[in-house]
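All remarks here apply to the structure that follows.
The values are calculated or read from the model by the stated rules, or taken from the named source; none is laboratory data. These figures come from a predicted structure and were not determined experimentally. Cβ placement follows ideal geometry from the backbone for every residue including glycine, while neighbour counts extend to all protein chains displayed. Keep in mind that these areas ignore ligands, DNA and RNA; they rest on the heavy atoms of the full protein, side chains included. Shrake-Rupley method; radii C 1.70, N 1.55, O 1.52, S 1.80 Å.
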Amino acid sequence: MDNENFGLAKSFSSAPVLSISPHTNFSQKEQTDIEHELNEQVGTTGEYVSEGFCFKLAPGQDQIGFMRSLKEKAPKLTDFAKGTTTLAFEFQEGVLVAVDARATMGAFISSNNVRKVIEINDFLLGTMAGGAADCMFWEKYVAMQCRVYELRNGEKPSVAMASMMLASIMRQYRGQGLSMGTMFTGSDKTGASLYYIDNDATRVKGRLFAVGSGGTFAYGVLDTNYRYDMSLDEAVNLGIRAITSATFKDSASGGVVRIYHVTNHGKWNLIHDAIDVSELHYQFEQNKGHTGRGNEGKPNKYL
Amino acid sequence: MWMGSKEHYDRGVNTFSPEGRIYQIEYAIEAIKFGSTAIGIRTNEGVVLGVEKKLPSKLMEPAKSEKLVEIDRHCGCAMSGIVGDARILVDHARVEAQNHRFNYAEAMSIEQITEAVSDLAINFGEGYEGTKRKPMARPYGVALLIAGVDDNGPQLYQTDPSGTFLQWQARAIGSGGDTAMTYIKESYHSNMTLAEAEKLVMQTLKSVMEEKIQSDNVEISIVRTDTKRLETRTQEYVNNIISTLA
């Protein structure tokens, strides 16, 4: 297997961009050395030799089988504890993207200031849920593919095309341990559109998505208040409200709210870069006449 | 056996003649001289690239940007010779430039882009063991003028089929290349403005072109030092320059 030069720039620069992502190399099976006989014993279904990238893969030849057996032998090893709240929805003025900013390592909060909206290029945005590196790397890779497409064809790829590039990569690496749940949105000739893509190679076009551990809480707020004919202001406020609620109930989400707006005219705008959710919580509670401390109607014990 | 006779040293692309020449490369360099003229001029304000677009028939649609293309947003390329060969080289340069941005989050320098093109240009013949890409069986019959702006300022390079690349202040290649070079040598000075350089490119093209110079048979692109962005000049802009020419 030719992935010994892992990490060298050389291994990247020979990437054949014709094939969107590394593909299965069946010709390798024709070798008749010891490695080949080992393959036969394991009963390989297909060997993944990365053409463009030289990732260090797990030992053995059958990557998918290895990941599966790892789940049995070491049940918790590959279950990364992760949490987030990201949401995006379509409305009449485009797509609104709202995210929190917390990164966790199990119970430990490693950061409250993460950028979970990845600015792929000037017309595409992707959100980050699951493995931060997997999201960032592959969405950046799609950005490169889009640019090469633009240079070759003299026009920008559509959002449908770009999202399919990412979904195809997820399909190629299916079962090999990637972790990604992203809302892929952007604006092209047909206006803004929204897709959900994850590491099972799911790709769905939709109106409204919330991804991550806090997603269910966000759905609660979104589903009760969402209308397609909202104005941009209403949409922004709904996004903020949904993220704030989710961060209040979900310990793996928190930090600040970031809001992006994808217009129908081929661009996106950053609306709010960082609004502190703990301040927002008190603000929303005080609007209802509450203190925000959750002690309404109870006598104060300590004074 | 043909090996015995001297005039057959040009049969193999990897065969030296006893005088130390590889004829196929020299023939490939000859192929450039059939190409349409391409000119590049470097100034402190930026770089100019200009090409002649031959229209062999009135029925042909004037193609957009066939011989003057974008490699990356800070780098353009003009070509002369076999345009089909150039497409392979240009595509390689584009992919390398984007890979560079992907890996290092910065623009590839003009020299590195040129080097990447030259690396591919000399990789012809039988190839070596372990290469996945099937190499070109013959040298690429094209010369490229690669111009752009990077951290070292505005730069102009020329590549040729032998894999050599040279840096120039002003360079002309193609059928009118030699004539154009003597013409440019008279008027070029190192503190030219970009507008003067554009005019010089057009004036030179006018003097070497067989057909009458028009806005639809020439093309001009520039990369400004301050913006570091490739801009293609519009037909109206080109027309304005043509009307001022002597």
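Which condition does A:Lys267 not pass, out of (1) touching a residue at least 24 places away in the same chain (Cβ under 8 Å); (2) in contact with a strand residue (DSSP E or B) (Cβ under 6 Å, 6 or more places away or on another chain); (3) within 25 Å of A:Pro157 (Cα to Cα), if it passes all the others? Result: A:Lys267 fails condition (2) only. Does segment B:76-90 contain at least one residue that is over 24 Å from B:Glu45 (Cα atoms) and within 11 Å of chain A (Cβ to nearest Cβ)? Yes.
None of B:Glu26, B:Glu66, B:Glu61, B:Glu30 is open to solvent by 40 Å² or more (accessible area, probe 1.4 Å), more than 14 Å from every other protein chain (Cβ to nearest Cβ), assigned to a loop (DSSP other than H, G, I, E, B) and over 17 Å from B:Arg229 (Cα atoms) except B:Glu61.
Among the conditions (1) buried (at least 23 other Cβ atoms within 10 Å of the Cβ); (2) in contact with an Asp or Glu (Cβ under 8 Å, 6 or more places away or on another chain); (3) assigned to a loop (DSSP other than H, G, I, E, B), the only one that B:Val48 does not satisfy is (3).
Considering only residues in segment A:132-148 that are over 16 Å from B:His100 (Cα atoms) and open to solvent by 20 Å² or more (accessible area, probe 1.4 Å), the one that is nearest to the other protein chains (Cβ to nearest Cβ) turns out to be A:Met136.
Is it true that A:Arg174 is open to solvent by 20 Å² or more (accessible area, probe 1.4 Å), within 14 Å of chain B (Cβ to nearest Cβ) and more than 19 Å from A:Val117 (Cα to Cα)? Considered against the rule, which asks whether it is open to solvent by 20 Å² or more (accessible area, probe 1.4 Å), within 14 Å of chain B (Cβ to nearest Cβ) and more than 19 Å from A:Val117 (Cα to Cα), A:Arg174 comes out as no. Of the helices (runs of 4 or more DSSP H) that lie entirely inside segment B:135-246, those containing 1 or more residues that are within 30 Å of B:Gly125 (Cα to Cα), open to solvent by 40 Å² or more (accessible area, probe 1.4 Å) and not small (Gly, Ala, Ser) span B:177-187.
Please indicate, with yes or no, whether at least one residue in segment A:205-219 is open to solvent by less than 10 Å² (accessible area, probe 1.4 Å) and assigned to a strand (DSSP E or B).
Within segment A:205-219, the first condition is being open to solvent by less than 10 Å² (accessible area, probe 1.4 Å), and the residues that meet it are A:214-215, A:218.
Going one step further and asking which of them are assigned to a strand (DSSP E or B), we end up with none.
No, that holds for no residue.
State whether one or more residues within segment A:112-121 are open to solvent by less than 10 Å² (accessible area, probe 1.4 Å), within 14 Å of chain B (Cβ to nearest Cβ) and either modelled with pLDDT of 95 or more or out of contact with any Leu (no Cβ under 6 Å at 6 or more places or on another chain) (or both). No: segment A:112-121 contains no residue that is open to solvent by less than 10 Å² (accessible area, probe 1.4 Å), within 14 Å of chain B (Cβ to nearest Cβ) and either modelled with pLDDT of 95 or more or out of contact with any Leu (no Cβ under 6 Å at 6 or more places or on another chain) (or both).
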